[in-house]
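Just so it is clear, none of the values below were taken in a lab; they were calculated from the coordinates. Here the structure is a predicted model, which means the values were calculated and not measured. When we count neighbours, we look across all protein chains shown, and the Cβ atoms used for this are built from the backbone with ideal geometry, even at glycine.
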Amino acid sequence: MLYNDFQDLKLSALGFGAMRLPLDTQGKIDQAELDRMVDAAMAAGVNYYDTAYPYHGGLSEVALCASLARYPRESWHLADKFPGHQNVKGVKHFVPEEVFEDQLRKCGVEYFDFYLLHNVNESSLAWYANPDNHYMDYFLAQKAAGRIRHLGFSCHAAPAGLERFLALYGEHMEFCQIQLNYLDWTLQDAEQKVSILRAAGIPVWVMEPVRGGRLAHFDEATEAKLRAARPDESIPAWAFRWLRTVPKPTMILSGMSNLAQMQDNLKTFSEDRPLSGEELALLDEVAASLARLIPCTGCRYCCAGCPKHLDIPTMLAMANDMAVSASFNTVARYTALGEGKHAGDCISCGQCVRACPQKIDVPAELRRLDECMRGQKTWEEICAERAAAAEALKKAAK
Ligand code: SF4
Ligand code: SF4
């Protein structure tokens, strides 16, 4: 097992994320398979296990810790999270004191090695940034009492949101978990987020290293290219090798769902095999081919003249995000754009099309995003429509 230093600890470079645990035929957590996975992980030296209050409807904490309890408490580090991201718009009201005590009880532990404020994003920032919520005082007191060893946060916000949270509470944060993989490096501005965190001296934890499985399987031709370059490596291994070669985070969490996935990841993390320049270029090709993506570079040339003051590049990035895999967080960020600032508020004046160096048909893309967010079309239908429009343009140009 590869290890990374974190303060006075040696953390396994691979952590076991308990968001997508194995399920039995009734859809319940398959405890026997989970035990086999934990046994394999412990035998290989994995010492970091990550769960959260809402995972598996609240049962992930219980199942994971029941499995870990078969091993001495000091042989594993447990990470859990406070669901402040759900305390939005009065839908939920999770009280830190109540949740934290409940979590310790459910996990059967006296302390958490790592504790995170869960999912700081554009919607949840309103709650996390409100001093009246007094959660930070409470968690700092738990840390002082030894019931939290290390305090951090997970973040799905865009770089500006991350900076805002750091300006408020960065001094108390010891690590930050972000969505990071070779696709999101540019797609979700992960490169910029890593740079912000490094500048703040905060170690990077990775979630979604294979983007919920999106980077684990490709079409035959793409997989053939990858296998030709590294015949003895699995397809998901490329995503982990990229992380270890380029951003080099402290922790990579993988939400494994069966023993086979666990064994494959354990093999990958048994040795360091950084990608060469040629292999990195091959992954760039893969990322581009995945794309069906809008080629927006985020230059913002289109923004100044928009009569509706729409944040065009942000919405196009969300459209790209949805094209790769629909995500709750993207929908939350989209909702948080505010009244009059959504794709459907575009009046198709065409100013942005004239300003765009990439010649993107922004009004058409915003209309598609609006249709998707209203549930009128799926992204599959939208991507097919976009491909047909591009084909028609090509024919017209001939
Ligand atoms: S077409 Fe829509 S997005 Fe583009 S400038 Fe006009 S209102 Fe703004
Ligand atoms: S001008 Fe074009 S490429 Fe630049 S941000 Fe706007 S849509 Fe994207």
Cβ-defined net charge surrounding I202, 11 Å radius [Lys, Arg +1; Asp, Glu -1]: 0
Charge-dipole axis of the range 312-397 as Lys and Arg at +1 and Asp and Glu at -1 on Cβ define it, positive-most pick from T330, L316, G340: L316
Size of charge dipole - the chain - debye, nearest 20, with Cβ of Lys, Arg +1 and Asp, Glu -1, no other charges: 920 debye
Among Y115, Q351, S12 - extreme Cα towards positive end, dipole of the chain, charges at beta-carbon: Q351
In the range 110-187, the chymotrypsin sites (Phe, Trp or Tyr not before Pro) that fall in loop regions by DSSP, at most 16 other Cβ within 10 Å: Y111
Residues listed by number, the range 113-155, amide nitrogen under 14 Å from T335 label point at 7 Å toward C-beta: 121-127
Global form of the chain, assessed from the alpha-carbon gyration tensor, a/c cut-off 1.5: oblate
Loop-located trypsin sites (Lys or Arg not before Pro) in the range 185-288, at most 16 other Cβ atoms within 10 Å (DSSP): R214
Most positive-pole-ward Cα, Y135, A237, L283, against dipole of the chain from beta carbon charges: L283
Net +/- balance of residues flanking L226 in space, Cβ distance below 15 Å, scoring K and R +1, D and E -1: -4
Where GluC sites (Glu not before Pro) fall in DSSP loop in the range 205-281, at most 11 other Cβ within 10 Å: E271
Whether the range 312-397 is rounded, prolate or oblate, judged on the alpha carbon gyration tensor where a/c under 1.5 counts as rounded: oblate
Estimated FRET transfer efficiency when R0 is 30 angstrom, pair L140-D272 (beta carbons, to 0.05): 0.25
Beta bridge orientation in the chain: antiparallel %, DSSP, nearest 5: 15 percent
Environment charge at L2 (Cβ cut-off 9 Å; Lys +1, Arg +1, Asp -1, Glu -1): -1
